[in-house]
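Asks: Structure provided below as structure tokens; questions to follow.
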Amino acid sequence: MDKKVFIKTFGCQMNVYDSNRIFETVNKIGYNKTEKYEEADCYILNTCHIRDKAKEKVYHEIGRLKKSFKFKKKPIVVVTGCVAQAENKEMLSREPYIDIVIGPQSYHKINEIIKSYAYQKKKEEITDFDTIEKFNYLSKIKNNNSNISSFLTIQEGCDKFCSFCVVPYTRGPEYSRPFEQIIKEAKELIKNGTKEIILLGQNVNAYYYLDKKRIFRLSDIIMELEKLSDLKRIRYTTSHPKDMTEDLINCYKNSKKLMTLVHLPVQTGSNNILKLMNRKHKIEDYFSIYKKLKKINKNIKFSSDFIVGYPGETDQDFNDTLNLINNIEFINSYSFIFSSRPGTKAANLKLIDEKVTGERLKIIQSKLFESQIKRNKSLEGKEIEVLVENQMKDRFKLFGRTKCMTSVIFEGEKKNIGNIVKVKINGSNQNSLFGKIKLNQDKKVA
Ligand code: SAM
Ligand code: SF4
Ligand code: F3S
């Protein structure tokens, strides 16, 4: 029988990568992908726990699912991801419609559990941290992703324990995949047509793998990927300022394929708050990285994540963040109001007045958006290099990204998908650039 699986994904890029790997795994036991959840025999909800209401969102989704299947045979309902890890057994008792709960480091067991559930109807919860086995198992299943831009997890988990963050609890301790395993998977992706690889890790630049007395770092992966001729672009995310080592900084000198956007979350511009957050870096360190990279290539741009309203944040602390934004031009950045997460060090701290945090978010976002709009506007009239990723749904336009990850929507022929082309920009808004492919590009831009 043709069985169908529907996977809904919340959260970060790693969850997107995981959902693809989960699909390739369940495909081995006969599940084909469906985009229509109503026809699913197996419904997988891959969840995120990073901010407030994550848990409620999951129960809400299950409630909707229940309604749709009221008069039909119920699918096997599987909850994966960071809420699964954090809530574990409780999910099965709170919502009997859920059949299986699997944490992020136990995905290699998913087929066994689904098969056993289908046979015995025994509900199961697995939230062990079996990261080594997981990657060993998954590395034997071919990564069939054929996107032009593909994610590749090289490192998982976190040992930094920032006081606001659930990740060390939901993803477990830092683990770096073996170097050869990563390169093999990269080659599979490139063979499938991938032209850009985005190396992933919760602390991607903490990557550290020791093999026969040789130490491999993120810089080694970048320089190895550099050699693969069909690969055009390399990116990595998310990095931590503390692990921006010289070898990685030097990659911006030595690699032609490493893109010029550095996503380096700073969270706040105040040293007091950085300390309270247990971030393990100071603003001076951040500036020093910024200066070193700008010295190598002035076209390098920075993007960041900001948290406003961390408990104890004074007007002065907030002004320090605004000053930082005045001094460093951040593009494509994210800002969030502090969200108290159960189990973290900051969980029980006294919250700042909601009105104040709301106001601060508005101020920071208007600053970030303003500089984003200004930057995009400054590109109007210019020709820029774009890696063409796909055709827009309307089928008239193409979609691609600049070196700095900005979306570009433009007129051009489908045959350009997978190529780096020059696009003449004739319009822009906060998030995107618009334009037309430059005709007669006799030579593809490498
Ligand atoms: N590892 C990355 C780093 O060191 O910055 C961050 C990973 S986290 C998935 C992505 C972003 O979510 C963080 O950079 C932070 O800005 C935000 N975040 C994490 N926990 C948060 C919380 N409790 N409240 C608000 N934002 C949070
Ligand atoms: Fe969370 Fe901090 Fe680890 Fe990033 S470095 S994942 S913010 S604990
Ligand atoms: Fe969310 Fe887990 Fe990613 S909490 S942001 S899915 S690591």
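The values are calculated or read from the model by the stated rules, or taken from the named source; none is laboratory data. Computed from a predicted structure; not experimentally measured. Note that each Cβ is placed from the backbone with ideal geometry, even for glycine, and that neighbours are counted across all protein chains shown. Accessible surface is based on the protein model in full, side chains and every heavy atom, while ligands, DNA and RNA are left aside. Shrake-Rupley method; radii C 1.70, N 1.55, O 1.52, S 1.80 Å.
Asks: Please report, to one decimal in angstroms, the Kirkwood hydrodynamic radius of the chain built from all distinct Cα-Cα pairs.
Replies: 23.4
Asks: Okay, next question. Magnitude of the Cβ-charge dipole of the chain, K/R +1 and D/E -1, about the Cα centre, nearest 20 debye?
Replies: 1100
Asks: Need one number: the % of Cα-Cα pairs in region 132-187 sitting beyond the 15 Å mark.
Replies: 55
Asks: While we're here: Which of rounded, prolate, oblate describes region 3-130, given a ≥ b ≥ c as roots of the alpha-carbon gyration tensor eigenvalues and a/c under 1.5 marking rounded, otherwise prolate only if a/b is larger than b/c?
Replies: rounded
Asks: Under a 1.4 Å probe, what is the accessible area of region 196-263 per residue, stated in Å²?
Replies: 41
Asks: Right, another one. Can you work out the Karplus-derived ³J(HN,Hα) for every residue in region 66-78? Use 6.51 cos²θ - 1.76 cosθ + 1.60 with θ = phi - 60°, whole Hz, and x for glycine or proline.
Replies: In residue order, the calculated couplings are 4, 4, 5, 9, 3, 10, 10, 5, 5, x, 6, 9, 10 Hz.
Asks: Solvent-accessible area per residue for region 3-130 at a 1.4 Å probe radius, Å²?
Replies: Using a 1.4 Å probe on heavy atoms only, each residue of region 3-130 averages 46 Å².
Asks: Let me have the 222 nm mean residue ellipticity of the chain computed from DSSP H runs of 4+ only, each contributing -39500 (n - 2.57), with the sum over all residues rounded to the nearest 500.
Replies: Only helices count here, giving -10500 deg cm²/dmol.
Asks: Counting heavy atoms of the protein chains only and a 1.4 Å probe, report the per residue accessible area for region 313-446 as a whole number of Å².
Replies: Here the residues of region 313-446 average 58 Å² of exposed surface.
Asks: How would Met223, Met14 rank on accessible area, largest to smallest, probe 1.4 Å?
Replies: Met223, Met14
Asks: Just to confirm my understanding: which cysteines in the chain have no other cysteine beta carbon less than 4.7 Å from their beta carbon?
Replies: Cys12, Cys42, Cys48, Cys82, Cys158, Cys251, Cys404
Asks: Let me ask something else. Leaving ligands, DNA and RNA out of it, report the carbon-plus-sulfur percent of the accessible area of the chain at a 1.4 Å probe.
Replies: 51
Asks: Give, to the nearest whole percent, the P(r) tail of region 181-271 beyond 17 angstrom, counting all Cα pairs.
Replies: That tail contains 50 percent of the Cα-Cα pairs.
Asks: Any chance you could run the full-extension gain for Glu413 through Lys28? It's 0.36 nm times the residue separation minus the Cα-Cα distance, nm to one decimal.
Replies: Between Glu413 and Lys28, full extension yields an extra 135.0 nm.
Asks: Under 19 Å from a point 7 Å along the Cα-to-Cβ line of Asp52: which residues of region 300-321 have their amide N that close?
Replies: 306-314
Asks: Right, next: Measure off 7 Å from each Cα along the Cα-to-Cβ vector at Glu370 and Ser146, then give the distance between these two points in nanometres to one decimal.
Replies: It is 4.8 nm.
Asks: Once you put a point 7 Å from the Cα of Met392 and another 7 Å from the Cα of Ser229, both along the Cβ direction, what distance in nm separates them?
Replies: Spacing of the two 7 Å Cα→Cβ label points: 3.6 nm.
Asks: Could you grab the relative contact order for the chain? Cα pairs under 8 Å, six or more apart, rounded to a whole percent.
Replies: Relative CO of the chain lands at 10 percent.
Asks: Give me the distance in nm between label points sitting 7 Å out from Cα along the Cα-to-Cβ direction at Glu38 and Asn250, one decimal.
Replies: Between Glu38 and Asn250, the label points sit 6.0 nm apart.
Asks: Moving to a separate point now. Relative to the present Cα-Cα distance, how much length would full extension add between Lys422 and Lys382 at 0.36 nm per residue of separation?
Replies: That pair, Lys422 and Lys382, stretches by 13.4 nm at full extension.
Asks: If a/c stays under 1.5 just call it rounded; otherwise compare a/b with b/c (prolate if a/b is bigger, oblate if not). Do that for region 6-80, with a ≥ b ≥ c from the square roots of the Cα gyration tensor eigenvalues.
Replies: Judged from the Cα gyration tensor, region 6-80 comes out oblate (a/c at least 1.5, b/c at or above a/b).
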